[in-house]
Amino acid sequence: MPDVLTVKVQTDSDSFQDVVVKIERPTYNKPFLGGFRNMRTGVEFHNAGSQTKGQKRPDKGIQLFCRATQTVWEKNKPQQTRNTTSTQMTKIGLYVSNMTDKLISPGKYFTAEEYHRRRLEAVIVLQKYFRRWHAINVVQDLREQKRLRLAWEAQEELQKKKEREEKFRREYERKLNPRTKEDFELLYHDLELWIQEETERINRTLTGAERKAALCELLEQETQLIACFERHKLNANEENQQKAILHLLDKCAQPKRWRAFDGKITEMDTRDTLRARELLEIYRSISTEGIPKDERTDVLFTLRCTVKELDCKLTQEIVELIDREVDLMTRDVKECNLDGLRKRICTLFLQCIKIPEFNPEVTRLLKVPQDPLKLYKNIYFCRSCENYLPSSEFLIPANSHTIGRCRLCYKLDNEARHRESFLKYRLILENLRKSEADYEDDSKIVSFVQLPDLQYMIENIWNCQSALSAWSELYDLVMVRWDKQHEWSPWNTILLTKEEADAHLKLCNLEKAYEAAFIFRIKQKHIRAKHYFAHIPAMSSFLHRSDNQANASSYKTHDSSMK
């Protein structure tokens, strides 16, 4: 290339001018700053910095120094091989063995596509092992849950079996050694079932004179069994009467109790409670059998000093009987001949204990009030036994308009005719009242419901079975609230087993938990219960209040759905 070039430049539309361009040749080699080459055409393209001379800064007339020219950057990095002896090489005069040397050759070259494929395969292998490990853990958890569930079910089944066996054992014990009214109800109920089975068998297998003879024999057996029941009843009444007497005296001797503000129970003995406790100890001593003569004599002298505090005809008779027994004991009369005299002393002393002037604490426990004017209140006439009895002695159903027979007459009629056992219904009613008392929301309707009302509800409305599982064993059934937010009532209840009742009371939304058809059936039963209790004056106010609550809840539900 020449040093000077002449270039023709167009200055106007029809005029041209020649311009002389001087070529300046570089005095240094420009550094190569990179570039790229077109793969198709093979043309190389360099960066602009390698084509153009760098621009110099203008000279300011002042000598400048940068930081790099003033600071020295030093860095020490020692390098040491792992085995210094391995750096020794064979040379003249030195031999180094190459027996442990390894020949390293390059492996097979693989592309980026193969590298990513290998990594994907490795990731898939890792995922398979991880999923296998996770699946094993899930299966083990499920297996453990299944084992725990089966163990729990087996334990529950064993518990239920034990409870059934214990219930049968208690029933058998109660029937073998009856003590209470419920025990004799079970006996008469079983007797009626046995009579019905035997009568059906005789009518099915025998005819004519043989049938009449078999029925007469069955009637004789029934008579003998009833007589045996009555003998057991007399023995049980004697034991229960003695227990009732001791219970009455023990309640009189109890100290006064009240709860303080901090929750502690405070007890205080008064002069009357101490007096009642003294009389209780004396009664226990004189009613104890088989004690030595000297101890019996000391007890009689103590009793004589005690009853002399009240001068009346009853205490004078007790003193005479005490003197008679002491005189007979000094004459070495046999113990069996003194039983009647000792029972007479106990009976008279018990009558003396029930006198308020002699034992003031007994006043609040006597069924017969001391004020004669109070006898005219809540006293009704039983048309069956023709006795005047307090209202507590009458079993009045909720739908009754008149006072019927007393409890004793109902009991005698049941033993003579139907011989039904009300123990199952009584247990359901007791469990219901206990559960309502635990809510502590002042529920009142459950106190109005009597045993005949509950029996009608269970037999005619709920068909003696659970509303969910149709379980018909009444010993396993309980009555709970249908909606636990409102107090219990015949139109807010459901009959379930104990396990179902526990699960039902944990529900928060009944509409989501149960199907619409089931809820409709329950509502129909509630309507039937309302019709049964609607004509009772005491229930009318509760019915109106429940209707108002139902309307308010339905209005809120409708309002929320509209929003």
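The values are calculated or read from the model by the stated rules, or taken from the named source; none is laboratory data. As the structure is a computational prediction, the values presented were derived from the model and not from experiment. Cβ sites come from the backbone with ideal geometry, for glycine too, and all protein chains shown count toward neighbours. Surface areas here come from the heavy atoms of the whole protein model, side chains and all, with no ligands, DNA or RNA. Shrake-Rupley method; radii C 1.70, N 1.55, O 1.52, S 1.80 Å.
Only helices (runs of 4 or more DSSP H) whose full extent lies in the stretch 433-544 are considered here, and none of them has at least 3 residues that are open to solvent by less than 60 Å² (accessible area, probe 1.4 Å) and of a type in the set (Val, Ile, Thr). Here is the figure for the stretch 332-358: residues that are touching an Asp or Glu at 6+ places or on another chain (Cβ under 8 Å) and within 18 Å of THR315 (Cβ to Cβ) total 5. Scanning the stretch 241-263 for residues that are within 21 Å of ARG174 (Cα to Cα) and of a type in the set (A, V, I, L, M, F, W, C) turns up just one, ALA244. Scanning the stretch 273-304 for residues that are within 22 Å of THR330 (Cβ to Cβ) and open to solvent by 90 Å² or more (accessible area, probe 1.4 Å) gives GLU289, ASP294, GLU295, ASP298, PHE301. Considering (1) within 25 Å of ARG275 (Cα to Cα); (2) not in a helix (DSSP H, G or I), the lone condition that GLY290 does not fulfil carries the number (1).
Answer yes or no as to whether PHE65 is open to solvent by 80 Å² or more (accessible area, probe 1.4 Å), assigned to a loop (DSSP other than H, G, I, E, B) and either farther than 30 Å from VAL4 by Cα or modelled with pLDDT under 80 (or both). It is true that PHE65 is open to solvent by 80 Å² or more (accessible area, probe 1.4 Å), assigned to a loop (DSSP other than H, G, I, E, B) and either farther than 30 Å from VAL4 by Cα or modelled with pLDDT under 80 (or both). A single member of LEU321, LEU350 is under 19 Å from LEU249 (Cα atoms) and either open to solvent by less than 50 Å² (accessible area, probe 1.4 Å) or not hydroxyl-bearing (Ser, Thr, Tyr) (or both), and it is LEU350. Looking only at the stretch 197-240, residues that are hydrophobic (A, V, I, L, M, F, W, C), farther than 23 Å from LYS175 by Cα and open to solvent by 70 Å² or more (accessible area, probe 1.4 Å) come to 2 in all.
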